[in-house]
Structures are given as C-alpha cells and as structure tokens.
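Data block below; observations after.
The values are calculated or read from the model by the stated rules, or taken from the named source; none is laboratory data. Note that the structure is a prediction, hence the values are computed from the model and not measured. Here Cβ is always computed from backbone atoms with ideal geometry, including for glycine, and neighbour counts include all displayed protein chains.
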Amino acid sequence: MYLKKLEQVSANRTDGKKLQLNLTTNGTTIERVGKSILASTAVRQVNFSTHAYAELPFDEAAENLQNVLDFCRMVAVARPDMYINLRLWNVGDESSNAWNKYMLEQVNKAFGHVDNADKNRADSADKNRATITLEHFCSRHKSFLVEGRIYIHQDSRFEWPEVSGSSPTSTTSQTLKALGSAQPAYLKGTCRALDTHCAILHDGRVVACCLDHSGQITLGHIQENSLAEILTSPMATNIREGFANHELRHPFCQSCKFCKRFK
Ligand code: SF4
C-alpha cells in the first residue's frame, strides 16, 4: 500500500486540487488493511470485485464477503464521505447466478433491506431499502443504493485487453516485441487514461488504467519516481498525445475494447 506517499503528493499540490484515490480490490486482505484505508483521507472510493468470489470455494467466498461487509458497516459510521462500490460484473453469466443471489441476500441482510411483503410495513423514509435482487438489473439501471454512499454496481462481464503473444507476466518490452508479429485490432480511438486518471498496481507499478492488471504499460514505479515524473515521461506523453489525436499508440490499447465507449 502506498497511501502515505500518495497523501503526501496530494498535500504538496500547489493548485489546491487534491488527489482522489479510488482503490479497486478483490477485498481478500480488507480485514488486515481496512483500518489504514479508513484513516486515509486521500481515499475517495473503494471498489470491491465481489464477482471474483464466484470462482472460489463457497466457504472462502462467504468469509471474504463477510469481511467486506464488515468494512462497509465501519465506513458507513466512520467515513460517510467515502464511496463504496460492491461490483457484480458478471450478470448474465449463469454459472455465477448462485453466488450473485447469495451475495445480494447477504447485502440485503447486512443493511436491513426488506422484501416486498415487508416493504408495506416500512415507512416512506425506508423506501430506498427495498430488497436488491438480480432481477432489478438492466442495462440502463446498473447502480443500486445500499446505504449512504455504498452501492451495488451490476454489469455484464467485459473482456480484458490482451496483446497476442504476451502473457499476464509479460513486461512492457516483451509486449512490444510480441506486437512485432501481431496485427493491431484497433488503431483509431481515444481514452481518458493519463488525462483524468492513471492506476497503481499493488506492487507500486504505475500504469495507464486499471484494465492493465499485469503492467503491460508500466510507466514507472511509485517508490522510485515521483508521480509527476512518471506522468510526464516520454511513454506517458506519447500515449496521452495519441489519445488526444484519436490514435491508440500502445499495442495494449490497440487490443482494448473498453475504449470503444469513448468518442
Ligand atoms: S485504451 Fe484501454 S487499455 Fe488503453 S489506457 Fe484506455 S482503457 Fe486502458
């Protein structure tokens, strides 16, 4: 965790704009690190990939979820300004239905959401506390209020960008080499990465966006370089200028379908 360093970066800014950190995690260590996150004023939002638990043995998945919900309850009391997204980004995947149903039941239980039969007994102030179910999901309504600034965010599975010939452990230079034989899928396109945001992996590597979980676009390391140095490096500048000109200059971005959402 590099929260202290990032808090310092935020405090040192002279333009008055604070860094806003969004943490995205599978939450498996939240029992250990939750108090540090709560204490960090730089953290604006925490995203929990609770859909990942569908792949785990049930007991392990249930324990992880319980730890995440315990953290959410602490946030509701101690940090009501903090946003939490409980992600279920596997809607429509039938093999995940049993987990998703269980997960929503636990959230409803933890935050006192009542089913339709009991809803009539709830007063009008409680109408936001109706049970959240999978059936409520539709492409135009993906986010459901749980409590305060805690939300369930449902979405369908997306495809991770991947350069043909590279692997999750490939370095940037290996990825660039692999591109030599790969035909880029998309050359035209844009993205807001490196303009409104960048991402920092768990080991401190700074990358352009959170889709790059294996560091294919490693721009620097937060322990070795300042964030300003990293974001003004030749590679970062080249990628950012490309986006401004509707050019996907990095091979990893050329394999990205997510950026097709941006015009
Ligand atoms: S184009 Fe895709 S892979 Fe590249 S920075 Fe944007 S979201 Fe990430």
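Things to note:
- Between N100, N64, the distinction of being of a type in the set (S, T, N, Q) and in contact with a Ser or Thr (Cβ under 7 Å, 6 or more places away or on another chain) belongs to N64 only.
- Top-ranked residue of segment 183-197 - restricted to ones that are more than 9 Å from the ligand (Cβ to nearest atom) and among the hydrophobic types (A, V, I, L, M, F, W, C), ranked as modelled with the lowest pLDDT: A185
- Verdict on G148 being within 14 Å of the ligand (Cβ to nearest atom) and either modelled with pLDDT of 80 or more or crowded, with 16+ Cβ neighbours inside 10 Å (or both): no
- Count of residues meeting criterion [over 18 Å from Q154 (Cα atoms) and either of a type outside the set (S, T, N, Q) or modelled with pLDDT of 60 or more (or both)] in segment 112-130: 13
- Some residue of segment 63-78 being under 30 Å from R140 (Cα atoms), without any contact (Cβ under 8 Å) to a residue 12 or more places away in the chain, in contact with a helix residue (DSSP H, G or I) (Cβ under 9 Å, 6 or more places away or on another chain) and not aromatic (F, W, Y): no
- For segment 210-228, taking the residues that are in contact (Cβ under 8 Å) with a residue 60 or more places away in the chain and not aliphatic (A, V, I, L, M), the one that is nearest to the ligand (Cβ to nearest atom) is identified as C210.
- Within segment 229-250, tally of residues that are under 14 Å from T218 (Cβ atoms) and either outside any helix (DSSP H, G or I) or near the ligand (Cβ under 10 Å from one of its atoms) (or both): 3
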